[in-house]
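Have a look at the structure below, then the notes.
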Amino acid sequence: MLDAIDEAIAHAVIEASTDASGSCFTFTHGLLVDAVRRSINPRRLIRIHERIAQAMELRTPDNAAAIAMHYDQAGIPEKAYRHAMAAGNAALAIYAHADARRFFELAERETVDPVERASALHRLAEIAETEGRHALGEELCDRALAGLEGRPDDHALLGLRRMRHRTRALQGQPAQTTIIMCSELLVTARALGDHVEESQLLNMISQCLGRLGEWREAEDVACEAVAAAEKTDDPRLLAESLTRLGTSVMDRNTTDAADFHKRALSLFRTAGDRCGEARCHINIGRLQQRSGQSKAAEAAFEQAREAAMIAHAVDLAGLASLNLGVSYLRHGKLELASERYDEAYLRFTESANESHRLATLYNMAHLARESEDWATASALYEQVVAAAARIGQPDVELGARAGQALSSLAVGARSVAEDAMRWIRANVETRPDWWFQGRDLVDALRIRMAAERGDDSHALRLLHDGIEIALRHDPYVAAYLIAECAPSFRRSQDALLALIDEITPETTALGFAAMAERLTVLRAALASATRAA
């Protein structure tokens with residue numbers, strides 16, 4: 001062999017590599033490799049690939065990628081499948097999605113066993129979901145399930161069915177439909193004693209209940225998910241369940257929510273799960289934003305955005321951008337907010353994530369209204385109402401109807417606002433303590449409609465009630481209600497001045513400079529009107 005190597009070096013066919021051991025050589029040109037390969041008897045070449053793979057299994061067993069390729073070339077499907085799956089999992093662990101996809105596709109191609117093929121397709125679907133390609137994820141689940149048709153229920157079937165419903169939910173399947181489907185699968189998971197699937201299904205049900213505004217039920221189900229996860233030896237699953245529980249209690253108990261998210265973040269970091277880290281940073285940032293730690297919140301959203309981009313997680317990167325946009329809007333940075341909303345919208349459109357795309361449109365409508373672009377705001381709110389009704393998000397639909405009505409009031413279209421008010425009243429007044437994104441718009445509409453018909457006492461009572469509930473959940477909203485509604489009052493200047501004096505110091509302390517300035521200007525106008533009277 002040494003004589004052959006010397007001869008090859010002398011003819012400039014190969015050269016020593018930079019390997020310190022001096023035992024590695026490379027061809028000087030890729031065409032020489034092709035020439036040598038063509039000169040070998042194809043049957044002998046197959047045998048060479050097999051011998052190399054066997055040698056590598058002994059000498060470098062961790063090099064699953066190369067071993068899989070050699071067994072593939074050698075035409076030994078069983079061993080090619082096993083090493084291709086290992087190589088795909090290793091690539092996925094470092095977010096090398098293109099490499100992972102290549103090896104899982106190789107694994108699917110090599111096997112004729114339907115269970116093994118379903119496993120490879122399942123991993124391909126997971127990559128598609130991370131990348132935000134939800135339609136492709138659903139298609140891959142369908143292909144895997146078609147190959148397993150007729151088999152009795154088992155863990156593989158259960159996981160694929162759950163994942164298919166998750167991809168459908170992300171594409172706009174109504175929340176109530178997802179709850180029904182997952183509840184049916186939950187019965188099977190419990191019958192099989194599969195605590196992993198039980199926990200994941202409960203997490204999905206809790207998330208859908210949250211979207212429907214059923215937060216108490218969402219919290220109860222999330223607690224069950226944590227209990228099921230604790231019966232497994234899977235720290236990542238436990239972290240996911242803690243994240244869901246933290247989200248479900250966020251509006252009721254911010255201290256507990258923060259503890260759950262921090263515990264989950266620690267588990268995700270230990271597992272090296274960048275996607276999980278991104279979700280935790282987003283939730284921690286939202287809690288910091290509510291408590292007035294605006295700089296810390298924006299830093300958390302940026303951390304989430306960075307982690308999501310490392311993981312090539314399209315939806316999570318979009319969600320981080322969306323939350324950054326909300327933060328910028330609250331601080332009066334309208335241009336920056338617009339940039340982040342546009343970025344989020346593009347990502348969610350790319351992934352066809354209907355729920356997150358809806359949330360982005362909703363916030364873009366708020367931005368247009370804050371910019372006094374009433375026509376654009378009204379048109380965007382109309383889109384949101386239609387989409388929210390279609391996919392079953394009543395809280396977003398309520399907020400959008402109220403936002404559209406407020407935009408109509410700004411241009412004197414009172415009849416539109418009155419029509420919206422009748423629908424809103426029927427859906428909100430039965431749940432006076434229901435807190436949801438858009439509750440500020442609903443309360444603002446109710447207060448303004450009462451004030452503008454001259455019923456200042458009722459309007460003031462509604463304003464006090466709105467501020468009271470807002471202070472329990474989001475102090476910024478309390479300041480917004482006063483700034484939005486005070487100009488509509490015909491009297492009650494003294495009461496309004498007292499409310500402004502009460503809320504302005506906290507608004508300033510929380511870093512909402514633009515809102516604090518708005519309150520200051522409003523106070524000056526009210527004081528001037530009081531003196532004139």
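The values are calculated or read from the model by the stated rules, or taken from the named source; none is laboratory data. Being a predicted model, the structure only gives us computed values, none of them experimental. All Cβ positions, even for glycine, are placed from backbone atoms using ideal geometry, and neighbour counts span all protein chains on display.
Hey, could you check the range 414-445 for residues that are hydrophobic (A, V, I, L, M, F, W, C) and in a loop (DSSP other than H, G, I, E, B) and say which is farthest from the chain's Cα centre (by Cα)? Out of the qualifying residues, it is W434.
Just one of the listed residues (T254, T247, T270, T243) is of a type in the set (V, I, T) and touching a Lys or Arg at 6+ places or on another chain (Cβ under 6 Å), and it is T243.
The set of residues in the range 488-528 being of a type in the set (S, T, Y), crowded, with 18+ Cβ neighbours inside 10 Å and under 21 Å from Y328 (Cβ atoms) consists of T507 alone. Do we find a residue being without any contact (Cβ under 8 Å) to a residue 60 or more places away in the chain, touching a helix residue (DSSP H, G or I) at 6+ places or on another chain (Cβ under 9 Å), part of a helix (DSSP H, G or I) and buried (at least 24 other Cβ atoms within 10 Å of the Cβ) anywhere in the range 249-258? No; the residues of the range 249-258 include none that is without any contact (Cβ under 8 Å) to a residue 60 or more places away in the chain, touching a helix residue (DSSP H, G or I) at 6+ places or on another chain (Cβ under 9 Å), part of a helix (DSSP H, G or I) and buried (at least 24 other Cβ atoms within 10 Å of the Cβ).
Residues in the range 9-26 that are in contact (Cβ under 8 Å) with a residue 12 or more places away in the chain and out of contact with any Asp or Glu (no Cβ under 8 Å at 6 or more places or on another chain): A12, V13, I14, E15.
Determine if the range 161-171 includes at least one residue that is outside any helix (DSSP H, G or I) and modelled with pLDDT under 95. Within the range 161-171, one or more residues are outside any helix (DSSP H, G or I) and modelled with pLDDT under 95. Just the residues that are of a type outside the set (A, V, I, L, M), farther than 24 Å from S407 by Cβ and at pLDDT 90 or above, please, taken from the range 478-501. Within the range 478-501, D501 is the sole residue that qualifies. Residues in the range 259-284 that are of a type in the set (V, I, T) and surrounded by fewer than 18 Cβ atoms within 10 Å (Cβ to Cβ): T270 alone.
Summed over the range 452-475, residues that are crowded, with 20+ Cβ neighbours inside 10 Å and either in contact (Cβ under 8 Å) with a residue 60 or more places away in the chain or of a type in the set (S, T, Y) (or both) total 2. You will find that of R531, R446, the residue that is surrounded by fewer than 20 Cβ atoms within 10 Å (Cβ to Cβ) and farther than 21 Å from G332 by Cα is R531 and no other.
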